[in-house]
1. Check the straight Cα-Cα distances from residue 141 and name the aspartates and glutamates below 18 Å, setting aside those fewer than 8 residues away within the same chain.
2. Tell me, 175, 57, 132, 94 in order of fewest to most beta-carbon neighbours within 10 Å?
3. Dimensions of region 132-178 along principal axes (Cα, Å, largest first)?
4. Which ordering of 139, 3 is given by a fewest-first count of other beta-carbon atoms within 10 Å?
5. Ranking 8, 172, 76 by Cβ neighbours within 10 Å, fewest first, what do you get?
Amino acid sequence: MNWHIVYSDPGQEKTAAYWLRYNGFEAYWPTHKLIVPKMRRELSHSQRNEQGLHTKEIIRPLFPRYLFVRGEGGESLYAMCEYTGVAGIIAFGERLATLSEEQMVELQTRVALGEFTLDKVPKPKEFKAGDEVFVVRDWGKVGGRVERVDSSSRIVEVLASIFGRATRVITSAEELVAA
């Protein structure tokens with residue numbers, strides 16, 4: 001039996017996987033772990049006064065908005081589009097996008113072995129305090145100066161100029177480029 005690719009609503013992969021399983025489908029939602037800086041509001045009063053950067057581990061989808069589903073074909077596949085969190089099924093014209101059992105086992109094995117983690121990505125340039133950088137995010141690129149670096153977790157504190165004001169931005173080193 002082939003696996004089909006389902007497109008979820010934004011940020012609803014976990015919800016879509018739950019409802020697909022609840023309705024008798026086998027759903028696979030590959031994820032990976034990221035270490036990100038904690039927001040200031042997440043820190044206790046004593047943590048705010050400590051030196052160093054505080055981090056947390058979060059789980060993110062490996063393929064945002066995509067899940068893999070195995071189930072009987074026909075009407076039930078199209079009915080899953082009505083489930084909470086499911087936006088649709090990936091198809092090429094009338095032909096549904098599928099993965100064979102062998103392809104799915106290989107994907108699951110590679111995810112389990114950690115072959116898709118950020119640790120396998122070549123490390124970007126190392127930054128040090130005083131370096132001029134750009135923080136590159138979805139909303140654009142902002143210039144600033146590196147204030148602190150936590151080399152173990154690759155979290156960097158940058159003093160950036162946003163709307164003409166000096167603003168502290170805590171981000172991962174992967175979101176920085178040298179100015």
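Every read-out reported here was derived from the displayed coordinates using simple, explicitly stated rules and does not represent laboratory data. Because the structure is a prediction, the values reported are computed rather than measured. Reconstructed Cβ throughout: ideal geometry from the backbone, glycine too, with neighbour counts over all protein chains shown.
1. By straight Cα distance, residue 141 reaches 131, 132, 157, 174, 175.
2. The most exposed by this proxy come first: 94, 57, 132, 175.
3. Largest to smallest, the principal-axis extents are 31, 20, 15 Å.
4. With the sparsest Cβ surroundings first, the list reads 139, 3.
5. Ranked by crowding around the Cβ, least crowded first: 76, 172, 8.
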